[in-house]
Structure formats: structure tokens, C-alpha cells
Amino acid sequence: AVAALNEQIKNNQFVNLNGIGGSGKTSLMSLWVNKHKDDYNQIAYAVVNNSVKDDIATQLNKTLKLPDFEKILDKYAAIMDYLSENYDSEKPNLMIVDINKAPENEVKDFVKEIVNEDGLPLGWKCLVISRERKYGDKNFLFNLNDYEKENAKLMDAYEKEMNN
């Protein structure tokens, strides 16, 4: 699963890791980060509990130790501009957004902006972690439930072949 998730992230600017609560999304993401953190210049993690852009902006501001954007009216836009203007690495950056609780329309608008309108800063990729709700095009989805089902089918077929 770590290798499969890595392929998705490596080959796309946006990936949505989703699955039912308790399916192991956060554990998989943690394993992935531990294995692939050196492939990225920066990895920023934000948990969204209220407003998508406000929570992301506040947590990125603290995590990345950016200049104080808290007093700016649209701090999200200011931070995204700052990140684009200050990208000077050979390696990409990764923003991990864990959608815990958030207004559904805000999440859809955020993903639409990232996927359709190049809303990520220069040099950044985005991994959105969500429960059963799938965001973005099917090519950008890593559904943990489907992966586990498919993997179980492959293991059953392998065991049958080995027993014959």
C-alpha cells in the first residue's frame, strides 16, 4: 500500500486518500511519510476541523514557520502566494490536508481550485485524506477500501495457484 500510494503521489499533483473511519488512512500516510520524507523539500500537515482554508492557512503558517500572516484578511491567499514566490528547491513540497470535519461545499471548492485551477503554490503537491467522500477525478483517488479488497482477491488467487 505504501508503494502504491507513493506512485500516486509521485505521478500526480493532487491525490485523495480515502476510506472508512478506522481503515488505516492516517497510519498509511505516516508510514509513507517516514519512508519518503527525503524525497520532498518540505512536508506540511494540516487537520481541517472547521473552515478549510482558514485551518490550512493557520497550520501551515505555524508548521512552516512562515512570516506572520494571521492579521491579513485573506491569509490563505497570502500564504499560497508566499509559498509560490519562495520556492527554490530541486525537490517538490507536499501539503497533506486531513479532512476531519469541514463544510462539504468548502472541501469541494478547495479540491476544485487545486485540481482545475492550478490552485497550489509553485512546487507543491497535495494529498487530501478523507473518509468515504471521494474528491477529484477518479484518476487521483487512492481508496484504501478498494485497495484492500483488490489485494485480498490477489492474495486468494495467489494462494489457490500455490495450492494447485
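Some points to look at:
- Approximating the spin labels as points 7 Å out from Cα along Cα→Cβ, the ASN116-to-ILE20 distance works out to 3.1 nm.
- The simple spin-label model puts a point 7 Å past each Cα toward its Cβ; for SER27 and LYS62 those points are separated by 2.7 nm.
- For the chain, the per residue solvent-accessible surface stands at 57 Å², with DNA, RNA and ligands left out and a 1.4 Å probe.
- Using 0.36 nm per residue and subtracting the Cα-Cα separation, the extra length available between ASP74 and LEU141 on full extension is 21.2 nm.
- Accessible-area composition of the chain, carbon plus sulfur, in percent [1.4 Å probe]: 48 percent
- Ellipsoid fit via the Cα gyration tensor, the chain: semi-axes of 32, 17, 13 Å, each the root of five times an eigenvalue, largest first.
- Gaussian network model of the chain, springs between alpha carbon atoms under 10 Å - residue of ASN105, ASN18, ASN41 with greatest fluctuation: ASN105
- Packing, taken as the mean count of other beta carbons within 10 Å per residue, orders the peptides 34-40, 48-54 from highest to lowest as 48-54, 34-40.
- The chain, helix-only ellipticity at 222 nm - DSSP H runs n ≥ 4, -39,500 (n - 2.57), divided by all residues, nearest 500: -15000 deg cm²/dmol
- Of the GluC sites (Glu not before Pro) in segment 1-89, those whose Cβ has at most 15 other Cβ within 10 Å and which sit in DSSP loop: GLU70
- The angle separating the long axis of helix 25-36 from the principal Cα axis of greatest extent in the chain is about 80 degrees.
- In loop segments of segment 88-131 as defined by DSSP, the GluC sites (Glu not before Pro) with at most 10 further C-beta atoms inside 10 Å of their C-beta are GLU90, GLU117.
- Only Lys, Arg, Asp and Glu carry charge here, each on its Cβ (+1 for the first two, -1 for the last two); on that basis segment 1-108 has a dipole of about 340 debye about its Cα centre.
- Relative contact order (%) - criterion: Cα under 8 Å, at least six apart; region: the chain: 36 percent
- For segment 12-79, the fraction of alpha-carbon pairs lying more than 18 Å apart is 51 percent, rounded to a whole number.
- For the pair LYS10 and GLU85, a Förster radius of 22 Å applied to the C-beta separation gives a FRET efficiency near 0.30, rounded to the nearest 0.05.
- For the chain, the longest principal axis of the Cα atoms and the long axis of helix 144-163 meet at an angle of about 20 degrees.
The values are calculated or read from the model by the stated rules, or taken from the named source; none is laboratory data. Nothing here was measured: the structure is a model prediction, and the numbers come from that model. Positions of Cβ are generated from backbone atoms using ideal geometry, with glycine treated the same way; all protein chains shown enter the neighbour counts. Remember, those area values only see protein heavy atoms, side chains included, never the ligands or the DNA or RNA. Shrake-Rupley method; radii C 1.70, N 1.55, O 1.52, S 1.80 Å.
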